[in-house]
Every structure is written in C-alpha cells, then in structure tokens.
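Right, one structure below, let's go through it.
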Ligand code: GLA
C-alpha cells in the first residue's frame with residue numbers, strides 16, 4: 001500500500017516536472033551568444049525572442065546590425081527562424097535551435113558558408129540594447145589638417161592578423177619595416193586595426209585590453225624606429241568586431257590618442273549603422289574630424305564607411321585625408337580586381353591630402369600569384385591609392401618585398417601632382433589605364449584581366465602621347481625607347497606591363 005502511494009507520488013512529481021518543463025520552453029527573453037571571429041576573438045550576438053504559442057518573433061542583434069526574425073516557429077524544445085537584410089532575400093540566414101536546460105543551441109546557415117553552431121544563454125535585460133541616440137551636429141567645413149599630401153604609406157594589421165594583433169606583433173612589424181627596406185621605401189605608418197579596445201574607466205577614458213598593456217610605450221617604441229603609429233575606432237558604440245567604439249566619447253578618445261602619441265586614426269562605421277542613417281554620416285564623421293583637430297596633434301584621419309553616401313563628395317569637408325570606397329578586400333584575384341578596376345569614376349575626387357581608398361594591400365598574403373600581386377601594386381599606384389601593406393612583414397619573401405618596395409612604382413603612386421589615374425581603353429579583357437604625373441610625364445598600365453596571355457597593341461594616338469616621348473618599363477627596370485605610332489607587347493594572364501612615359505629630354509623620364 002505504502003509502495004503504491006509512493007509510486008503515485010513519484011508519477012505525480014514526474015507529471016508536474018513535465019508541465020514545468022513545458023512551461024520552461026517559453027523562449028521569450030534576451031539570449032546572448034559569443035560568436036567566434038575565427039581568430040581567437042569573439043563578438044556578441046543577442047537573440048531577442050518573443051514566443052506566443054508556436055509563433056516566434058523578435059530580432060537578431062550583431063554589433064553592426066539588428067535584423068527582425070521572420071518565419072519563426074517553436075515546436076516543443078525546437079525552434080526555427082530566419083533573418084534577411086532588407087531588399088536582399090538572397091542573403092537570408094536560417095537558424096534552427098534546441099533548448100536543453102539553460103542553454104539554447106542555435107545552428108546558423110548562410111548561403112555559401114559552412115554552418116555555425118552557437119550556444120546562447122539568457123542575458124540581462126540590457127543585452128543588445130543601444131545607448132540613446134545622440135543627435136548629429138550641424139554641418140560645417142572642418143579645416144584641412146595639412147597631412148597626407150601624397151597617399152599614406154604604411155602597414156595595417158587587419159588583413160593578416162585580424163584579432164591576433166598585439167603589442168608584440170606591432171613591435172616586431174616596426175622592427176622589420178625599419179630593417180627590411182620598407183621604411184626606406186616610404187612606408188611610415190604602423191596601424192593597429194580592430195580588437196585593441198577594452199571598456200572605459202569611470203571617467204570615460206578608453207582602456208586597452210591585455211594584448212596592448214601600454215599604448216604610450218608602444219607609440220614611443222614605434223617612433224624610436226622612425227615610424228608612426230596608427231589606431232582604429234568606430235563612431236558607433238561598438239567596432240565591427242564588437243569592441244568598444246567612440247560613440248559619445250569622441251573628444252575623450254581623440255585626446256587619449258594624442259596623449260599616447262597616435263599619428264593616424266581609421267574610423268570605421270560599424271555599429272553606427274544601428275543609430276544613424278547613411279545621410280547622417282557626414283555629420284557623424286565631422287565630429288571626430290573636429291575632435292582630432294582640437295588635439296593639435298597631426299593625426300591622419302581615415303574614414304571607413306565602405307564608400308557609402310557618396311563619401312568622395314564630402315570626405316575632405318569633415319577633415320578626412322582618405323576614405324574607403326568599397327567593402328572589404330580579400331586576398332583573391334576576384335576581389336582585388338573587382339575593387340581595383342572599379343575605381344575609375346572616383347578619379348576626380350583625389351587631390352593632395354584627400355584620397356580615395358580602395359582598401360589595404362593583400363600583397364604577400366598567399367592567395368594570389370606574384371603576377372597578380374604586381375597587378376595589385378600597379379593598379380593601386382595608378383589609382384594614387386594609400387599603400388598599406390597587409391601581410392606579415394616579419395617573414396616576408398624576397399619576391400614580395402621587391403614588389404612592395406619597387407621605387408619606380410611607388411614614385412607613380414606618390415607623384416606630387418596627386419592625380420588619380422583612369423581607364424582610357426577597354427578591349428575585351430585588356431584595359432589601359434593612364435595617370436598623369438608631374439613634369440608632363442604619364443604612367444601607363446597595360447592590364448590583361450583575361451585567362452590567357454594577351455598581345456596588347458597601344459598607339460601613341462589613343463594615349464595622346466605622340467611625338468618626343470620616351471618609355472620606361474617600370475617592373476623590368478629598362479628603357480624601351482621612343483613611343484612609336486603603334487607598339488605591341490605581350491602581357492601575361494592577370495598581369496600588367498607598367499610604363500612611365502616622359503617627354504624626351506625631360507629628367508622625369510629617366511629615374
Ligand atoms: C571592417 C573594415 C575592415 C576592418 C574590420 C575590423 O570590416 O572594413 O577594414 O577594419 O572592420 O573589424
């Protein structure tokens with residue numbers, strides 16, 4: 001009898017716990033997952049879920065965006081939903097998840113990428129919430145800081161090191177640049193990209209994380225090598241990798257950078273997109289432009305908002321020395337050539353002190369051939385683009401170093417006239433680009449974007465460079481004589497022949 005009662009009690013308890021279990025599948029709340037950046041760092045994704053029976057609504061919040069949940073369903077402890085950027089259903093992201101105890105395991109599927117599994121736990125009510133929006137200031141022109149009269153040259157940590165960048169790496173890169181000819185060739189800035197930031201102290205001062213124990217000491221070290229130090233931030237509350245941004249602390253941060261001895265700031269839109277429209281960009285960038293000028297330290301100002309909102313038309317007005325014109329480059333022929341050959345229409349906007357920035361160099365990162373890297377370097381030089389190496393300069397192959405430090409190519413990029421080249425001819429896969437240089441000289445790039453060797457014929461007529469010009473093949477380092485009415489040259493697949501064409505007798509024709 002006693003046993004039967006015990007059994008009934010146990011069954012009732014089991015039923016009760018099943019009921020409680022069912023109640024626990026109310027997913028409503030803010031669920032927080034750490035998403036690995038793939039480089040040892042991670043950023044936060046917040047799933048804001050509202051469950052109503054089997055219906056699930058809410059949003060997914062990343063550092064740089066918040067997207068509404070669509071097609072959300074719950075069945076027992078399982079859930080499925082999707083997000084899609086506005087007007088871009090192609091890039092729909094699908095999620096499926098399961099609740100087990102306190103943990104929500106969510107698998108994320110995106111087109112063309114391997115599935116990613118995240119573990120989310122209930123977070124505080126503040127998770128993923130934004131600070132109040134600060135109204136952007138009224139527009140006014142920011143005084144030119146007088147810097148970057150030729151396109152900035154240096155190195156940036158992002159392409160090769162992502163979140164691995166540290167004080168030790170930056171010092172070693174500075175050592176390498178000072179010793180391996182990069183500095184002598186003109187590369188001056190050593191730029192730390194995202195992932196150096198921690199939070200703020202009680203007074204609002206930005207703190208560095210443990211990878212950068214003493215930023216001032218690092219700046220002193222880089223300066224002792226005859227180089228300059230650059231840093232990175234965002235006008236939003238978070239950087240693109242989810243670190244602390246400068247939102248509401250623009251003046252504090254500019255002062256801190258100046259006190260550390262920083263010489264260059266890359267300012268990346270990232271989470272500002274969650275608070276501001278693209279049409280606010282000019283005012284938001286102006287704020288940091290003013291703050292940098294107010295420090296009285298010469299700090300190059302690099303805008304990074306992926307070329308949105310016609311930045312080339314207002315980048316200089318906010319005190320910008322350079323502005324990114326595209327999304328992120330990657331170390332492939334497809335990415336580099338799409339970006340590089342797409343820059344032509346921006347040519348009129350490049351002037352001394354104010355440059356279009358088609359993103360950092362991938363030369364030496366291993367995804368392209370030497371021929372392709374020479375094309376990359378030639379194209380960036382013809383575009384008067386900033387030359388920011390993005391490879392591991394501590395262990396650089398001699399052939400790569402030769403590409404990065406070719407003085408004659410660098411001279412084309414750095415020419416004092418400060419004009420950006422443009423395409424003058426396209427014939428199938430062959431493109432001819434011309435950049436006017438000081439002293440009446442011109443740089444001419446004969447590019448072959450095709451898959452087989454091309455025989456490129458160029459006439460002095462189509463370049464408007466007939467009569468009394470001499471030609472130098474810059475990569476070969478040889479003078480190739482006078483310009484004939486029509487000259488032919490063979491250009492390898494994905495390759496370039498880069499010429500410097502100067503008036504005969506003009507000193508600038510022979511370097
Ligand atoms: C954006 C920028 C990159 C790099 C990363 C860092 O994607 O465009 O150049 O700075 O952020 O998170």
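The values are calculated or read from the model by the stated rules, or taken from the named source; none is laboratory data. Quantities reported herein were computed from a predicted structural model and do not represent experimental measurements. All Cβ positions, glycine included, derive from the backbone under ideal geometry; neighbour counts span all protein chains shown.
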Considering only residues of the stretch 311-324 that are surrounded by fewer than 24 Cβ atoms within 10 Å (Cβ to Cβ) and in contact (Cβ under 8 Å) with a residue 60 or more places away in the chain, which is nearest to residue 231 (Cα to Cα)?
316
Give me the residue from the stretch 256-286 that is touching a strand residue (DSSP E or B) at 6+ places or on another chain (Cβ under 6 Å) and in a loop (DSSP other than H, G, I, E, B) and, out of that set, nearest to the ligand (Cβ to nearest atom).
262
How many of the residues making up the stretch 287-316 are away from the ligand (no atom under 16 Å from the Cβ), under 19 Å from residue 385 (Cα atoms) and touching a helix residue (DSSP H, G or I) at 6+ places or on another chain (Cβ under 8 Å)?
4
Could you identify the single residue in 98, 66 that is closer than 22 Å to residue 273 by Cβ and part of a strand (DSSP E or B)?
66
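For (1) within 15 Å of the ligand (Cβ to nearest atom); (2) buried (at least 24 other Cβ atoms within 10 Å of the Cβ); (3) not in a helix (DSSP H, G or I), each residue gets a yes or a no:
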residue	(1), (2), (3)
133	no, no, yes
144	no, no, yes
149	no, no, yes
162	yes, no, no
174	no, yes, no
Any residue at all in the stretch 294-310 that is under 19 Å from residue 418 (Cα atoms), more than 17 Å from the chain's Cα centre (by Cα), without any contact (Cβ under 8 Å) to a residue 40 or more places away in the chain and in a helix (DSSP H, G or I)?
no
Answer yes or no as to whether residue 199 is at pLDDT below 95, closer than 21 Å to residue 238 by Cβ and within 16 Å of the ligand (Cβ to nearest atom).
no
Scanning the stretch 325-346 residue by residue, those crowded, with 19+ Cβ neighbours inside 10 Å and in contact with a strand residue (DSSP E or B) (Cβ under 6 Å, 6 or more places away or on another chain) turn out to be 325, 346
Candidate set from the stretch 202-230 (those that are buried (at least 17 other Cβ atoms within 10 Å of the Cβ) and in a helix (DSSP H, G or I)); member that is farthest from the ligand (Cβ to nearest atom):
221
Among the residues that make up the stretch 447-467, is at least one of them over 30 Å from residue 168 (Cα atoms), touching a helix residue (DSSP H, G or I) at 6+ places or on another chain (Cβ under 7 Å), modelled with pLDDT under 95 and not assigned by TED's automatic domain parsing to the domain that holds residue 365?
yes
Can you name the residue in the stretch 353-367 that is closer than 14 Å to residue 343 by Cβ and away from the ligand (no atom under 12 Å from the Cβ) and is also surrounded by the fewest Cβ atoms within 10 Å (Cβ to Cβ) among such residues?
356
